[in-house]
Amino acid sequence: MKSFAKLTIPYIVWMIIMIVVPMLMIVLYAITVPGNSVLTFQFTFQNFARFFEDSIFPSVLWRSLVMAVVTTIICIAAGYPMAYIMARLNPKSKALMVLLVTLPMWINMLVRTYAWKGILSMFGASGEFKVYVGMVYNFLPFMILEIYTALSKIDPSLIVASHDLGANDAQTFLKVTLPLSLSGVVSGITLVFLPAVSSFFIPKLLGGGQYVLIGNLIEDYFVSTGDWNFGSAISLIMAIIILISMYVTRKLDKEPKEAAE
């Protein structure tokens, strides 16, 4: 086992370089401001105070959270029926449907968003509607695949047993299929909500630069303004929100399993 443990060393080094070090740099920038000729930087919480003192920044954060929640709800509403239909097909049809769902993901997300920019430009839709279309289109496959995987793992004998005990199709779905597929729904929520709340190029391309989300603010302060300290503070606030949402989704995923046991 010790010989196999040594094989993890390159991955640990890679994670430290690519994940831990950048995160530490973000934390350092977030809690400092440029110093003077004596001190290179000074420790402060001014960047966080600046974020909450100006009403614009919390409103952008709230808008981002609302958009991510609505996008997630739409993906559940559209993805669950699709995944349910896929799970009931024969093996050949299942493989074909999985291919059709994953096929757009073979193309870079930025290219797909540019394609939707050209399509939506022919209609007089609002910037908010265009952003929603781009969000749902890009993240819907993740929801479908997660729910489909959970539905495919359900033992068919449980469905048969439910019907044998007198339950109709609706009762079987509500009492057996839906509870057993909630793990896929929760996983899909994680894969949709997290990238949706921090997305920046979808609102930038489809919103025409007029529909600003929190990801756009972070990009602007890092790239355009050059205020890395404040940009890092916003990034850290977003990281905390994402960690909290991941904790909540994990708790939701555990509760159905504990109830089943």
note = Whole-percent carbon and sulfur contribution to the accessible surface of region 93-174 (1.4 Å, no ligands, DNA or RNA) stands at 69
inquiry  = Rounded to the nearest 20 debye, what is the charge dipole size of region 138-261 about its Cα centre when +1 sits on each Lys and Arg Cβ and -1 on each Asp and Glu Cβ?
reply    = 60
remark   = In the structure shown, of Lys92/Lys130; Lys6/Lys251; Lys92/Lys153; Lys92/Lys175; Lys153/Lys251, the pairs separated by more than 25 angstrom at the C-alpha atoms are Lys92/Lys130; Lys6/Lys251; Lys92/Lys175
note = In degrees, nearest 10, the alpha-carbon axis of helix 91-102 is tilted away from the dominant principal axis of the alpha carbons of the chain by 20
query = Within a Cβ distance under 15 Å of Ala30, other residues only, what is the Lys/Arg minus Asp/Glu net charge?
reply = 0
message = Just to confirm, what accessible area per residue do you get for region 112-165 at 1.4 Å probe, in whole Å²?
response = 54
ask   = For region 21-133, rounded, prolate or oblate, judged on the Cα gyration tensor with a ≥ b ≥ c (square roots of eigenvalues), a/c < 1.5 rounded, else prolate if a/b > b/c?
value = prolate
ask   = When averaged across all projection directions, what area in nm² does the alpha-carbon convex hull of region 131-261 cover?
value = 9.8
key: Positive-end residue of Gly207, Leu243, Pro10, charge dipole of the chain with Cβ unit charges   = Pro10
message = Using 0.36 nm times the number of residues separating Leu178 and Ser55, minus their current alpha carbon distance, what extension gain do you get?
response = 40.2 nm
remark   = Highest mean packing first, using Cβ neighbours within 10 angstrom, the peptides 162-175, 60-73, 226-239 sort as 226-239, 60-73, 162-175
request  = Read through the labelled values (1) -0.28, -0.77; (2) -0.46, -1.02; (3) -0.32, -0.86 and report the label of the one computed as log10 I(q)/I(0) by the Debye sum over Cα atoms at q = 0.08, 0.13 Å⁻¹ from the structure.
outcome  = (2)
Environment charge of Leu110, counting only residues whose C-beta is closer than 15 Å and scoring Lys/Arg +1, Asp/Glu -1 = +2
task = Add +1 for every Lys or Arg and -1 for every Asp or Glu among the other residues with Cβ under 13 Å from the Cβ of His163, and state the total.
result = -1
note = Log entry: pair-distance distribution for region 171-246, C-alpha pairs binned every 5 Å from zero, whole % per bin is 3, 14, 17, 17, 15, 10, 7, 6, 5, 3, 1, 0
key: Global size of region 105-158 as Cα Rg and Dmax, reported in angstrom   = 15.9, 51
inquiry  = To the nearest 20 Debye, how big is the dipole of the chain about its Cα centre, given +1 on the beta carbon of each Lys and Arg and -1 on that of each Asp and Glu?
reply    = 600
task = Would you please state which residues of region 175-205 a label at Leu158 would reach in this model, taking the label point 7 Å out along Cα→Cβ and a backbone N cut-off of under 15 Å?
result = 175-186
request  = Have a look at Leu191, Ser162, Leu89 and report the one farthest towards the positive end of the charge dipole of the chain, computed about the Cα centre with Cβ charges (Lys/Arg +1, Asp/Glu -1).
outcome  = Leu89
ask   = Charges only on Cβ, +1 for Lys and Arg, -1 for Asp and Glu: so what's the dipole of region 114-193 about the Cα centre, in debye to the nearest 20?
value = 300
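The values are calculated or read from the model by the stated rules, or taken from the named source; none is laboratory data. Remember, predicted model here, so these are calculated numbers, not experimental data. Every residue, glycine among them, receives a Cβ derived from its backbone with ideal geometry; neighbour counts consider all protein chains shown. For accessibility, only protein heavy atoms count, side chains too; no ligands or nucleic acids. Shrake-Rupley method; radii C 1.70, N 1.55, O 1.52, S 1.80 Å.
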